[in-house]
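The block underneath contains the structure these notes are about, expressed in structure tokens.
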Amino acid sequence: MPETDDEATRPGNSTWCTIVVPCYNEAHRLPSEKFVEFIHTRPEIGFLFVNDGSKDNTLQVLERLQRVCGPAVDILDKPVNGGKSEAVRDGMLRAIALGRGGFIGFWDADLATPLEAIHDLLQKLIDQPRLQMVFGSRVRLLGRHVHRKAIRHYLGRVFATVVSGMLRLAIYDTQCGAKIFRVTPDLSQILSQPFITRWVFDVEILARFIALKNLHLLHDSIYEFPLETWEDIAGSKVKPGDFLLAFVDTFRIYRKYLR
Ligand SMILES: Nc1nc2c(ncn2[C@@H]2O[C@H](COP(=O)(O)OP(=O)(O)OP(=O)(O)O)[C@@H](O)[C@H]2O)c(=O)[nH]1
Ligand SMILES: [Mg+2]
């Protein structure tokens, strides 16, 4: 029997998507109005905000958002800061446990990737059942609005080249904070243990997939979606030393999962 519109957009239906938003000291940066506006137009998408031991009043901002948006907004409040990777992992595990539907993603709180792109990534997963994950990719093609600081762009190119060689997967952009996954037993398995890295857990997810299944299957399961718009937002919490750490962590990933 065909689904009614109501059924298709209710939490618990397989087309429901939960987006995990890691938040650390985001009280002044979180664009609440954009979330409110988006939630009102896209009832099949919910948000799980993870407050990761913020020292400002991020929690109050999130609670206000929850009051305005109702059940489309969940909050996971972690009393101690554990880093983005664990916040995302905890949030995704919580979303899977809630069993609301077939798709889970994560999205940076600054909305460097606009919320509207959720629809594009999600549609790709819905249209192509073989895909397990769709990653936003910051490719500066003509006619797009992808604006990154030059230094971040070039560091990103070097990093992606290193990672591509290591994984033997020609990935263009590993670190874009806009990714959606199909909920499967494999995804639960991949998320079951804490990540060993703080920032490059995206690469760790891929390495875990290869270790669990194989590289050939990953090639068939992943799609990089060239974003229409990506904007560098001020107030980044990534420090210059984190870039060095990213390369060290990449080597640790290689040693643990791929050697
Ligand atoms: N949970 C958690 N999230 C964090 C932490 N630090 C940063 N984040 C979140 O990670 C996301 C991205 O952080 P940003 O500071 O915007 O990182 P960025 O330098 O802009 O990184 P790019 O957007 O990839 O260039 C945001 O949602 C932050 O709130 C942390 O310690 N814990
Ligand atoms: Mg950012």
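The values are calculated or read from the model by the stated rules, or taken from the named source; none is laboratory data. No experiment lies behind these values; they were computed from the predicted model shown. The protein model used for the area step is the full one, side chains on, heavy atoms only, and it has no ligands, DNA or RNA in it. Shrake-Rupley method; radii C 1.70, N 1.55, O 1.52, S 1.80 Å.
Segment 97-117 and segment 144-177 have their alpha-carbon centroids 21 Å apart.
Derived scalar couplings between HN and Hα for segment 243-259 equal 5, 4, 4, 4, 5, 4, 5, 5, 5, 5, 4, 4, 4, 6, 10, 10, 6 Hz in order, rounded to whole Hz, by the Karplus curve 6.51 cos²θ - 1.76 cosθ + 1.60 (θ = phi - 60°), x for Gly and Pro. An ellipsoid equivalent to the chain, defined through the eigenvalues of its Cα gyration tensor, has semi-axes of 26, 22, 19 Å when rounded to whole angstrom and sorted largest first. Residue order by solvent-accessible surface for Tyr24, Tyr154 is Tyr154, Tyr24, largest first, with ligands and nucleic acids left out and a 1.4 Å probe.
Using a probe of 1.4 angstrom and keeping all protein chains present, the accessible surface of segment 47-128 works out to 38 square angstrom per residue. Evaluated at q = 0.11, 0.17, 0.24 Å⁻¹, the base-10 log of the normalised Debye intensity for segment 1-111, with identical point scatterers placed on the Cα atoms, takes the values -0.33, -0.75, -1.38. Ligands, DNA and RNA left out, the accessible area of segment 164-259 computed with a 1.4 Å probe is 58% carbon and sulfur.
Can you pick out the pairs among Lys55/Lys256; Lys84/Lys149; Lys34/Lys78 whose Cα atoms lie more than 28 Å from each other? Don't skip to the answer; put the middle values down first.
Values: Lys55/Lys256 33 Å; Lys84/Lys149 22 Å; Lys34/Lys78 24 Å.
From Lys55/Lys256; Lys84/Lys149; Lys34/Lys78, over 28 Å: Lys55/Lys256.
Couplings for segment 101-109, taken from phi via the Karplus curve 6.51 cos²θ - 1.76 cosθ + 1.60 with θ = phi - 60°, read x, x, 9, 9, x, 9, 8, 5, 5 Hz in order; Gly and Pro are left as x.
The overall shape of segment 112-259 is oblate: from the C-alpha gyration tensor, with semi-axes ordered a ≥ b ≥ c, the ratio a/c is 1.5 or greater and a/b is no larger than b/c. Counted over the chain, the DSSP beta bridges are approximately 25% antiparallel.
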